[in-house]
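See structure below.
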Amino acid sequence: MPFLLRHGQVYYNGDFIRQDLYVSEDGMAAAADANAADAEAIDCTGFHILPGLIDPHVHLREPGHSEKETIASGTAAAAHGGISTVFAMPNLNPVPDSVEHLSAEENIIDRDAVIGTVPVASITRSQQGEAVSDIAALSMHAFLFSDDGVGVQSEEIMEQAMTEVKKHNGAILAHCEDNRQVAAGWRINAGHKAEELGLIGVNNESEASEVRRNIELVRKTGCQLHICHVSAGESIAAIRQAVREGLPVTAEATPHHLLLCEDDIDSDRGCWRMNPPLRSREDQLALIEAIRDGTITMIATDHAPHTRAEKETDLAHALNGIVGLETSFPLIYTELVRPEIITMKQCIELMSTNAEKTFKLKERGYCRSDLSIWDLKEQYRIDPEEFASMGRSTPFAGRSVYGRCVMTIHNGKIAYRRMGK
Ligand SMILES: [Zn+2]
């Protein structure tokens, strides 16, 4: 049944206008006219209606690690957070490095996903960095390639991959990490906190040197490159230069790198372990500047759930990764939009429309007229026990935020609904 969203404040070109919206069963939304009698009316008085959010960096863990998350639980979590499209990272089992392996993932997406789920194929076989995946064949089914979790160490392999991906009009999503710069056994950023806690730290160069190398390879191959979860000021400088030159390079930042830094680590707990780690206060401020000036054009969660046992331990033993799908918009809205560090328009570009444009998602059949509906006045404390995600570890637990998602609409269907309960 189609539905009619009545009396909501609808985001339109940087502003909110009072407008009824008709959403048809085939997923097209339009300003409502008088012939909406066939529709279910939903009262949106006091609510803000935004485009469906797009998260270009999510680990759904299935197939292979369904004790951490599944496509059903991960996409439900996204819908719970107003996110209607995610890019699903390929550190799975099997790794989607061939059409056969990718179809194992696609079958579960078709069966279980409640929102748009874009599978990302691997750059190299088994993400081992030694041989390029069958990009020509995979390109019939996927347009995004990543070895997220590890950097591609060999320049020659990365160049081969970029040349192939460029040929098929795809894009590389690069986790940049130069193993030559990485201290074995690192736990957090190489800085005063690591010294204080007696832990091994990892430096900014481990990220920045591979960012610079990958940008050089874009110059050579012309391949579209998106840099994942930027954390270091030095990386931002290289990206800013590439964007100025007009190279096809974009980048994302996570809410945790934008809103936290190593100074915030107040305990030896696993919720502070992530890759890349929280950096210095200067790096954090440089990231905020980069989303303000358009150097970094997307916010991505790097949602990376693990089991309780894997996270509820100390920094020495915890695995890398925190969850973010259900907190990203409320955190960014509360910490950056309300204090007027960024505008609502910038927020929606960073969390939705820029990803759509950069990766031509509508042309590729995704996104269509997805919507997320918010009660922006509701204030509450983040409680991981309320998450739909199986992952519960976030350093933002207990933090007070504004903005509760009340409904997420994907393809003319309600993917999540809180209203009326
Ligand atoms: Zn990564």
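The values are calculated or read from the model by the stated rules, or taken from the named source; none is laboratory data. As the structure is a computational prediction, the values presented were derived from the model and not from experiment. Quick reminder, even Gly has a Cβ in these numbers, built from the backbone with ideal geometry, and neighbours come from all protein chains shown. Areas reflect the complete protein model, heavy atoms only, side chains present, ligands, DNA and RNA absent. Shrake-Rupley method; radii C 1.70, N 1.55, O 1.52, S 1.80 Å.
For the range 4-16, the Karplus equation 6.51 cos²θ - 1.76 cosθ + 1.60, evaluated at θ = phi - 60°, returns couplings of 10, 8, 9, 6, x, 9, 9, 5, 8, 6, x, 9, 10 Hz by residue, with Gly and Pro reported as x. The Cβ shell under 15 Å around Glu106 holds other residues with a net charge of -4, Lys and Arg each +1, Asp and Glu each -1.
In this simple spin-label approximation, Asn107 and Arg338 carry label points 7 Å from Cα along the Cα→Cβ vector, and these lie 4.7 nm apart.
Amide H contacts of Gly151 (H built 1.01 Å from N, in plane; Pro and chain starts excluded): Glu177 sit under 5 Å, all sequence-distant by 5 or more or on other chains.
What size of dipole, in debye to the nearest 20, comes out for the range 31-112 about its Cα centre when the only charges are +1 on Lys and Arg C-beta atoms and -1 on Asp and Glu C-beta atoms?
Details: 3 positive and 14 negative charges, 56 e Å.
Here the size comes out at about 280 debye.
Each label was represented as a point 7 Å from its Cα along the Cα-to-Cβ direction; for Asn179 and Glu385 these points are 4.3 nm apart.
Just order 74-82, 171-179, 315-323 by mean Cβ neighbour count inside 10 Å, highest at the front, would you?
Values: 74-82: 28.3, 171-179: 22.7, 315-323: 20.1.
Packing proxy ranking, top to bottom: 74-82, 171-179, 315-323.
For the range 3-46, just say rounded, prolate or oblate: build the C-alpha gyration tensor, square-root its eigenvalues into a ≥ b ≥ c, call rounded for a/c under 1.5, and beyond that prolate if a/b exceeds b/c, oblate if not. Prolate shape, in that a/c is at least 1.5 and a/b is the bigger ratio.
With charges only on Cβ, +1 for K and R and -1 for D and E, what is the dipole size of the range 3-46 about its Cα centre, in debye, rounded to 20?
Here the range 3-46 has a charge dipole of around 220 debye.
The range 110-134 and the range 336-381 have their alpha-carbon centroids 25 Å apart.
Modelled spin-label separation between Glu245 and Glu378, with each label point placed 7 Å from Cα along the Cα-to-Cβ direction: 4.8 nm.
Of the solvent-accessible surface of the chain, computed with a 1.4 Å probe and all protein chains present, 47% belongs to carbon and sulfur.
Go through 216-226, 50-60 and give me the packing order, highest mean Cβ count within 10 Å leading. The partial results should precede the final answer.
Details: 216-226: 19.2, 50-60: 27.6.
The peptides rank, most packed first, as 50-60, 216-226.
Relative to the Cα centre, the charge distribution of the range 272-421, modelled as +1 at Lys and Arg Cβ and -1 at Asp and Glu Cβ, gives a dipole magnitude of about 540 debye. Accessible surface for the range 205-280, divided over its residues, is 30 Å² per residue with a 1.4 Å probe.
Rounded to the nearest whole Hz, the Karplus-based 3J(HN,Hα) values (6.51 cos²θ - 1.76 cosθ + 1.60, θ = phi - 60°) of the range 312-326 follow the sequence 7, 8, 7, 4, 5, 10, 5, 7, 6, x, 10, 8, x, 4, 8, with x at glycine and proline.
Is the shape of the range 52-368 rounded, prolate or oblate, going by the alpha carbon gyration tensor and its root eigenvalues a ≥ b ≥ c, with a/c under 1.5 for rounded and a/b larger than b/c for prolate? In terms of gyration-tensor shape, rounded.
Residues whose amide H falls under 5 Å from that of Val58, counting only those 5 or more places apart or on a different chain, are Phe87, Met89, with hydrogens built in the peptide plane.
Of the cross-linked pairs Lys68/Lys360; Lys167/Lys220; Lys68/Lys413; Lys377/Lys413; Lys220/Lys360; Lys357/Lys413, which ones have a Cα-Cα span greater than 19 Å in the structure shown? Walk me through the numbers on the way to the answer.
Details: Lys68/Lys360 31 Å; Lys167/Lys220 13 Å; Lys68/Lys413 27 Å; Lys377/Lys413 25 Å; Lys220/Lys360 23 Å; Lys357/Lys413 23 Å.
Correct reply: Lys68/Lys360; Lys68/Lys413; Lys377/Lys413; Lys220/Lys360; Lys357/Lys413.
For the chain, a Gaussian network of Cα nodes joined below 10 Å ranks Ser154, Ser84, Ser393 by mean-square fluctuation, and the top entry is Ser154. Applying 1/(1 + (r/R0)^6) with r as the Cβ-Cβ distance of Ser24 and Ala397 and R0 = 56 angstrom yields a FRET efficiency of 0.90. Amide H to amide H distances under 5 Å link Tyr416 with Thr408, where only residues 5 or more positions off or on other chains count and H is placed in the peptide plane. Entry comment: accessible area of the range 3-46 is 57 Å² per residue, from protein heavy atoms only and a probe of 1.4 Å.
How high is the FRET efficiency from His317 to Glu100, r the C-beta distance, R0 41 Å, rounded to 0.05? Show your work: numbers first, answer last.
Values: r = 36 Å, r/R0 = 0.87.
The pair His317/Glu100 has a calculated efficiency of 0.70.
Summary of packing: across the peptides 195-202, 136-143, the per-residue average of other C-beta atoms within 10 Å ranks them, highest first, as 136-143, 195-202.
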